[in-house]
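What follows is a structure written as structure tokens; I'll ask about it next.
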Amino acid sequence: MFEELKASIIAGDQEKATGLTTKMLNDGIGPQKILKEGLVPGMDVVGEKFRSYEMWLPEVILSAKAMKASTELLKPYWDQNGGGETLGKIVIATVEGDVHDIGKNLVSMMLESAGFEMTDLGVNVKIQAIIDAANRVDADLIGLSALLTTTMLAMKSAIKAIRGSGSKAKVMVGGSPITQEYASEIESDGFAPDALRAITLAKKLVGKS
Amino acid sequence: MKIENFGLQGGLNKEQIDYMHEKAMWLIETSGIQVPHEGVLKLLAEHDGVTIDGDMAKFKPELVQQAMDAAVYDVPDYYKQGKWFMSAGAHQTACYDLETGKLKQATSDDLVKFIKLGDALDTVGSAPVVPMDVPVHLQHILMHKTAWENSRYRCNDIFEHMDKPSYECANYVHEMAQAAGKRFTFGIWMISPKSFDAHNLDVAYRLRDKGIPMWLATMPQAGVTAPISILGTVLQSMYEHFAGLTVLYLMNPKGNNYISPNDAFEANTFSMKYITFVYGSVEYIQHSLHQIALCKYYDLPIIVKSLLTSSQEPDAHAAAEMSIHTLIAGLAGARAFRCGGLLSTGEIYCGEWVVVLNEILQYIQNILKEEEFSEERLMIQDIIDVGPGGTYIDKKSTYEMFRREYWMPQLFEHTNLGQWLDLGQKTIRQQAREMAQKLIAEHSYEIDKDVKKELGKIYERAKKDSDLEKSLKLEI
Ligand code: B12
């Protein structure tokens, strides 16, 4: 049955995945086991196939939705069994002066589906608002997106300000004009060129890879 | 007598566009668009035919039609004459260095060079690169100034689409435009689906009493901010264009409000494989054909974004996409082609590539040029005269007509191997770079000295204006 659940996640078959999850729970199988042996291995395959460009975004999103719906079903059981925490908390925003949010939205969506708790602050966000939100939710990670070169340049001082604020959150950056070289130069904790690689990066940064 | 012009059959027909038009109007009336600005909402609410529902504005079709009918598209003479031309560059911050060929950040020196190069090749449009070596609040002002000082068409007709990122910046550019007798407009970029950038809208709102021409653009992306089908995205684009134009029409009654022909009915394509934005793809070319059909239907100037690619380098990938796109658009009736010099889906500017594109454009133009059907060109007497073993090479007709009958490329030379070796085995890129350097060195147009002085004074004032600086300073 675990193989079947894994396959339903890969196929993005939400109905089947949630049906199987419910059945397993009813059969008394622990949520940890369902997650670790069925759902997560399914999403791992999806991730690999996405990385090798075999599966494309809409397919991955469908799988992620099936995964999310199934994990929702596990939630009521966590309290009894423990272990239901998310991978980590991330605050994400498009920086001040910039309204480009298509990429940031996709990154946010993918991170959420990977199991992170997301706080998306939207576009044109002042750095102080990002710091405040990170403190409020006790974020592990901050994601900054910029598509304009002007706003990209402002990321450098944004990172300084975040560090200066005493926030424990690590900072990852992205957006089409940004390169690994630039991300290193401004001393960010990481850079990813697309939404999929943002998941790998975020997991690495929170020590969950 | 002429041989009939080549053309492309097919595409959206009148009935289909009628239907799309009707649906776009219906969507505007029933779904409306979001207007995230109190002041603008208030202005809209004063008009008949407007329904405000929260921050959504809905317009009656008659009102939308009024806005569309009121729009004036003041095309320049070269467009009216049906000349083939290229619009080159827009806001690139990275460029290939013209001396070294290496990728780097653009500077004010590059800006001057690329504008001169563009002018030497009669290109039009916006300023090609952003001068990253000057402070942010001066960049757009300097782009206008440099364009006006060193070129005839740039930032100076309906084919410009320059950004003015703050009210203060817009005022400086406006003042310079008046001093130089050049065109000044303000543009709105909508946020798909169905909304606006509140800041962008606010600048337009504050400029509304000055009689400034305002244009509207939107860039829905198929599968992300618009439906996955190109056709659905084109419909959403029509809907957003017409609704957005109506907002401008009601908000800016003293100015001419129009759809920017530069992005009219834009429907962007997206790669689900690489999760990224794509230009130059098969679907993007299909969209261009719909766009041409729509521009003809609505009687809008036609300019096609055929000079775009997702390739990072000036290479075969770029050349193939741009040539095919331009040829097809040309066959469909386009004579104006946009985004020359841009690589990497619009992120990088390449000066020598503009030279290559100029050649590609001439190449295509010459394939499609009108051909005379005449006794003179059938040359029956010559065929009779030259017998077996004879030659036409010394014929008077050959001497008189060879330059007319053959197009002589400047870059895509017809050398044989020996000649090519003899000429130094230069790659196309090398040759284009040399040509670009020569064109820049020989470029002579300059704006009137007094006007230049005046622009310099305004720029000096801008440099010291703390309000301007604040208006674009990112608060960190
Ligand atoms: C769509 C678009 C718009 C839309 C934005 C709509 C929206 N809701 O976002 C509109 C029309 C509003 C717009 C406005 C403008 N735009 Co614009 N726009 C684009 C365009 C065509 C596509 C961007 C996009 O959505 N890409 C698709 C997404 C999925 O890709 P992405 O953003 O790169 O995101 C991926 C990765 O980068 C990464 N990523 C992104 N964020 C993050 C964050 C983290 C933490 C991580 C890890 C990863 C990550 O993952 C994403 C998914 O794989 C680009 C062209 C281009 N080549 O990018 C120009 C472009 C970005 N725009 C540009 C400009 C100049 C403007 C304007 C000034 C107007 C103008 N004159 O063109 C205004 C600016 C408004 C403002 N103040 O921000 C320039 C920027 C030049 C520069 N480098 O400075 C570009 C490059 C076009 C150009 N050459 O002229 N634009």
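None of the figures in this text is laboratory data; all of them are computed from the coordinates on show. What you are looking at is a predicted structure, and each value in this text was computed from that prediction instead of being measured. Backbone-built Cβ (ideal geometry, glycine too); neighbour counts: all protein chains shown.
Around B:V304, which amide H atoms from residues at least 5 apart in sequence, or from another chain, sit under 5 Å from its own amide H, with H modelled in the peptide plane?
Amide H neighbours of B:V304: B:A336, B:F337, B:R338.
Something else now. Tell me whether segment A:9-52 comes out rounded, prolate or oblate; compute the Cα gyration tensor, take square roots of the eigenvalues as a ≥ b ≥ c, and use a/c under 1.5 as the rounded threshold.
Working: a/c = 5.30, a/b = 1.79, b/c = 2.96.
The shape class here is oblate.
Next up: Per-residue mean of other chain beta-carbon atoms within 10 angstrom of the beta-carbon, peptide B:141-150?
Working: counts 0, 0, 0, 0, 0, 0, 0, 0, 0, 0.
Across the residues of B:141-150, the mean count of other-chain Cβ atoms within 10 Å is 0.
If you split all Cα-Cα distances of segment A:1-115 into 5 Å bins from zero, what percentages do you get per bin, shortest first?
All Cα pairs considered, the percentages come to 2, 12, 21, 21, 18, 12, 8, 4, 2, 1, 0.
Using the alpha carbon gyration tensor of segment B:200-285, what are the three equivalent-ellipsoid semi-axes (square root of 5 times each eigenvalue), largest first, in whole Å? Don't skip to the end; give the middle numbers.
On the way: eigenvalues 176, 27, 22 Å².
Working through the eigenvalues yields semi-axes of 30, 12, 10 Å.
Okay, moving on. Label-point separation (nm) for B:Q430 and A:D13, each offset 7 Å from Cα along Cα-to-Cβ?
6.1
Projected onto the charge dipole of the protein assembly as shown (+1 at Lys/Arg Cβ, -1 at Asp/Glu Cβ, origin at the Cα centre), which of A:T86, B:S271, B:L231 gives the Cα projection farthest towards the positive end?
My answer, from the dipole projection, is A:T86.
Using only Cα atoms and rounding to the nearest 10 degrees, what angle (0 to 90) does helix B:61-70 make with the longest principal axis of chain B?
50
Got the relative contact order for chain B handy, in percent, Cα pairs under 8 Å and 6 or more residues apart? Before the final figure, lay out each step's value.
Numbers: 838 pairs, mean separation 92.1, N = 476.
Computed over chain B, the figure is 19 percent.
Could I ask something else about it? From the gyration tensor of the Cα coordinates in segment A:88-205, what semi-axes in whole Å does the equivalent ellipsoid have, largest first, with each one equal to sqrt(5λ)? Don't jump to the answer; show the numbers that get you there.
On the way: eigenvalues 58, 53, 38 Å².
Over the Cα atoms of segment A:88-205, the ellipsoid semi-axes are 17, 16, 14 Å.
Here's something else I'd like to know. Which trypsin sites (Lys or Arg not before Pro) does segment B:303-383 hold that lie in a coil by DSSP with at most 15 other beta carbons within 10 Å? Present the calculation step by step, with values, prior to reporting the outcome.
Details: sites: B:K305, B:R335, B:R338, B:K369, B:R377; in loops: B:K305, B:R335, B:K369.
Sites meeting the loop and neighbour criteria: B:K369.
Given points 7 Å out from each Cα along the Cα-Cβ axis, report the A:E181 to B:I3 separation in nanometres with one decimal.
5.0
To the nearest 20 Debye, how big is the dipole of the protein assembly as shown about its Cα centre, given +1 on the beta carbon of each Lys and Arg and -1 on that of each Asp and Glu?
Numbers: 70 positive and 91 negative charges, 244 e Å.
The calculation lands at about 1180 debye.
Are there chymotrypsin sites (Phe, Trp or Tyr not before Pro) in segment A:1-84 that DSSP marks as loop and that have at most 15 other Cβ atoms within 10 Å, and which are they? Working shown, then result.
Working: sites: A:F2, A:F50, A:Y53, A:W56, A:Y77, A:W78; in loops: A:Y53, A:W56.
Passing sites in segment A:1-84 are A:Y53, A:W56.
How about segment A:24-97: which GluC sites (Glu not before Pro) there are in a DSSP loop, with at most 10 other Cβ atoms within 10 Å of their Cβ?
Working: sites: A:E37, A:E48, A:E54, A:E59, A:E72, A:E85, A:E96; in loops: A:E54, A:E85, A:E96.
Here the GluC sites (Glu not before Pro) that fit, given the DSSP loop and packing criteria, are A:E85.
Given chain B, what percent of its DSSP beta bridges are antiparallel, to the nearest 5? Could the numbers behind the result be given before it?
Working: 18 of 36 bridges.
Given both bridge residues lie in chain B, the antiparallel proportion sits at roughly 50 percent.
Tabulate in residue order the Karplus-calculated ³J(HN,Hα) for segment A:198-207, using 6.51 cos²θ - 1.76 cosθ + 1.60 with θ = phi - 60°, rounded to whole Hz; enter x for Gly and Pro.
Each residue's phi maps through the Karplus curve to give 5, 5, 4, 4, 4, 4, 4, 5, 9, x Hz.
Figure the gain on full extension for B:M401 and B:T30 (residue separation times 0.36 nm, minus the Cα-Cα span) and round it to one decimal in nm. Could the numbers behind the result be given before it?
Details: separation 371, 0.36 × 371 = 133.56 nm, distance 6.31 nm.
Once the chain is fully extended between B:M401 and B:T30, it gains 127.3 nm.
Here's a follow-up. With every atom except the alpha carbons ignored, what do you get for Rg and Dmax of segment B:364-476, in angstroms?
Rg, Dmax (Cα atoms, Å): 27.6, 85.
Once amide H atoms are placed 1.01 Å from N in the peptide plane, what residues at a sequence separation of 5 or more from B:I188, or on another chain, have their amide H within under 5 Å of its amide H?
B:W215, B:L216, B:A217
Just the Kirkwood number for segment A:112-167, please: inverse of mean 1/r across all distinct Cα pairs, in Å, one decimal.
Details: mean 1/r = 0.0826 Å⁻¹.
Taking every pair of different Cα atoms in segment A:112-167, averaging 1/r and inverting gives 12.1 Å.
Give me the extension gain from B:I380 to B:Y19: residue separation times 0.36 nm, minus the current Cα-Cα distance, reported in nm with one decimal. Let's see the in-between values first.
On the way: separation 361, 0.36 × 361 = 129.96 nm, distance 5.27 nm.
Difference between extended and current length: 124.7 nm.
Counting only helical runs of four or more DSSP H residues, what would the 222 nm mean residue ellipticity of chain B come to if each run contributes -39,500 (n - 2.57) and the total is spread over all its residues? Intermediate results must be reported in sequence, preceding the final value.
Values: 19 runs with 224 residues, N = 476.
So the calculated ellipticity at 222 nm is -14500 deg cm²/dmol.
Another question about this same structure. Which value, in debye to the nearest 20, describes the size of the charge dipole of segment B:331-476 about its Cα centre when Lys and Arg Cβ atoms bear +1, Asp and Glu Cβ atoms bear -1, and nothing else is charged? Intermediate results must be reported in sequence, preceding the final value.
Values: 21 positive and 26 negative charges, 149 e Å.
I would put it at about 720 debye.
May I ask you to compute the full-extension gain from A:D44 to A:K160, defined as 0.36 nm times their residue separation minus their alpha-carbon distance, rounded to one decimal in nm? Please list the in-between numbers first.
Numbers: separation 116, 0.36 × 116 = 41.76 nm, distance 3.48 nm.
Taking A:D44 through A:K160 to full extension adds about 38.3 nm, to one decimal.
Residue by residue, what Karplus-based ³J(HN,Hα) values in Hz, rounded to whole numbers, does segment B:353-367 have, using 6.51, -1.76 and 1.60 with θ = phi - 60° and x for Gly and Pro?
Here the 3J(HN,Hα) series is 5, 5, 5, 4, 5, 4, 5, 4, 4, 5, 4, 5, 4, 6, 5 Hz.
Here's something else I'd like to know. Which of rounded, prolate, oblate describes segment B:1-116, given a ≥ b ≥ c as roots of the alpha-carbon gyration tensor eigenvalues and a/c under 1.5 marking rounded, otherwise prolate only if a/b is larger than b/c? Don't jump to the answer; show the numbers that get you there.
Values: a/c = 2.66, a/b = 1.40, b/c = 1.90.
Verdict is oblate for segment B:1-116.
Once label points are set 7 Å from the Cα along Cα→Cβ at both B:D77 and A:N26, what is their separation, rounded to one decimal in nm?
8.2
Okay, next question. For segment B:375-425, taking Cα atoms only, what is the radius of gyration to one decimal and the Dmax to the nearest whole Å?
Cα-based Rg and Dmax for segment B:375-425 come out at 15.5, 43 Å.
Calculate how steeply helix A:40-51 sits against the longest principal axis of the alpha-carbon atoms of chain A, using the helix alpha-carbon long axis, and give the answer as 0 to 90 degrees to the nearest 10.
50
Moving on to the next point. Using the Karplus curve 6.51 cos²θ - 1.76 cosθ + 1.60 with θ = phi - 60°, work out ³J(HN,Hα) for each residue of segment B:35-48 in order, rounded to whole Hz, and write x for Gly and Pro.
For segment B:35-48, the Karplus curve yields 10, x, 7, 3, x, 5, 4, 4, 4, 4, 4, 6, 9, 5 Hz.
Taking the Cα centre of segment B:375-425 as the origin, how large is its charge dipole in debye, to the nearest 20, when only Lys and Arg (+1) and Asp and Glu (-1) carry charge on their Cβ atoms? Intermediate results must be reported in sequence, preceding the final value.
Details: 5 positive and 9 negative charges, 14 e Å.
In total the dipole reaches around 60 debye.
Taking the C-alpha atoms of the protein assembly as shown, how large are the radius of gyration and the largest Cα-Cα span, Dmax, in Å?
Spelled out, the Cα radius of gyration and Dmax of the protein assembly as shown are 28.5, 104 Å.
Could I ask something else about it? Taking every DSSP beta bridge that has both residues in segment A:88-205, what percent is antiparallel when rounded to the nearest 5?
Details: 0 of 18 bridges.
Looking only at bridges with both residues in segment A:88-205, the antiparallel portion is about 0 percent.
Related question: Could you tell me what percent of the DSSP beta bridges with both partners in the protein assembly as shown are antiparallel, to the nearest 5? List each step's numbers first, then the result.
On the way: 18 of 54 bridges.
Bridges in the protein assembly as shown that DSSP calls antiparallel: roughly 35 percent.
Give the Kirkwood hydrodynamic radius (Å, one decimal) of chain A, defined as one over the mean of 1/r across all pairs of different Cα atoms. Don't skip to the end; give the middle numbers.
On the way: mean 1/r = 0.0563 Å⁻¹.
It is 17.8 Å.
Which angle between 0 and 90 degrees, to the nearest 10, do you get for helix B:316-331 versus the longest principal axis of chain B when only C-alpha atoms count?
80
Could I get the Rg over Rh figure for chain B? Both from C-alpha atoms, Rh via Kirkwood, rounded to two places.
1.01
A follow-up question, please. As an exercise, use a Förster radius of 56 Å and the Cβ-Cβ distance of B:L368 and A:K168 to find the FRET efficiency, rounded to the nearest 0.05.
That gives a FRET efficiency of 0.30.
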